[in-house]
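Only the coordinates and a few stated rules stand behind these numbers; no lab work does. Computed from a predicted model, the values in this text were never measured in an experiment. Virtual Cβ from ideal backbone geometry, glycine too; neighbours counted across all protein chains shown.
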Amino acid sequence: MALLGAAERHYERSEHDHATPIGVLHQMVVRWGDADRTTARRAFRRWCDGVAYVDVQARTYAEYWTRQNETALAGDGPLWVVLGDSTAQGLGATTPLHGYVGQTVNVLNGSGGRPWRVLNLSRAGAQAAHVLHDQLPMLDKLGIEPDLVTCGIGSNDILGTAPKVVHSNLRQLIQRLPSPSVVMDLLLPNRFWGIGSLCSPYVAGINRTIHAAAAERGLPVAELSRHVRPPWRGKLAPDLFHPNDLGYRPLTKALLAAIPATVTH
């Protein structure tokens with residue numbers, strides 16, 4: 001338990017973290033002073049408040065999963081290990097269990113059989129290097145054999161990691177995943193923030209690497225790129241970046257479609 005508790009301070013920086021442009025922007029707006037009383041400034045202030053709100057979630061949701069992980073390790077029943085970033089934590093949803101992890105486990109538990117245990121090793125702000133060098137070794141040291149492993153990572157690498165390094169880290173990561181794993185590709189940010197369409201061809205290239213590496217291992221891929229599509233209105237949290245409860249539904253749908261029937265029955 002001590003190992004897990006020490007490693008799961010999800011809101012602290014890791015030596016493998018990098019300051020992404022979005023992360024730097026979030027830090028700047030959280031520290032923004034009082035805004036002028038113009039419409040644009042008020043809208044910007046509301047967004048700043050939304051960023052601050054999700055920033056608090058990063059701490060409280062990490063604490064929730066740390067407690068939940070202790071319960072999972074002490075219990076029995078099928079075990080699902082979650083690797084990834086803030087979406088695996090459920091940031092932006094009204095509670096940690098309204099993210100795609102919570103929504104998915106509710107469906108799994110509704111299919112009958114013994115309730116699933118969830119060991120969530122994800123970390124807000126994580127990049128592929130963090131999963132490769134921290135989350136996977138954490139799983140190895142626990143010495144457990146999960147019934148299901150899911151890994152959704154790469155969004156924080158888009159603007160924060162050199163392209164060659166992104167592709168290399170993802171290939172290495174997928175090669176090291178346990179055999180009962182499902183890999184999640186990246187949603188295509190078409191029409192997202194007005195600049196998403198410019199990034200979409202690059203993201204599509206990352207997805208090709210994910211699919212090719214997964215195919216080499218014979219691992220299924222949850223295709224967020226197919227299930228998570230615009231329009232984005234009404235699907236985003238107050239920071240206008242993370243999904244809200246409704247926004248996590250297509251992620252859940254993509255993951256459920258990829259989990260092999262042999263795992264859930």
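Site pair ASN109 and VAL165 shows an inter-label distance of 4.0 nm when each label is modelled 7 Å from Cα along Cα→Cβ. Rounded to the nearest Hz, the phi-derived 3J(HN,Hα) couplings of region 186-192 under the Karplus curve 6.51 cos²θ - 1.76 cosθ + 1.60 (θ = phi - 60°) are 9, 5, 8, x, 4, 6, 9, where x marks glycine and proline. Relative to the current alpha-carbon distance between ALA257 and ASP76, full extension at 0.36 nm per residue lengthens the span by 62.6 nm. In terms of packing, defined here as the mean over residues of other Cβ atoms within 10 angstrom, the peptides 156-169, 112-125 line up highest first as 112-125, 156-169. Taking 0.36 nm per residue of separation and subtracting the current Cα-Cα distance, fully stretching the chain between ARG59 and ALA212 would add 51.6 nm.
In this structure the amide hydrogen of ARG123, modeled in the peptide plane, comes within under 5 Å of the amide hydrogens of GLY84, ASP85, none closer than 5 places in sequence on its chain.
List residues of region 159-191, by number, whose backbone nitrogen lies under 20 Å from a label position 7 Å along Cα→C-beta of HIS265. Residues passing the 20 Å test: 180-182.
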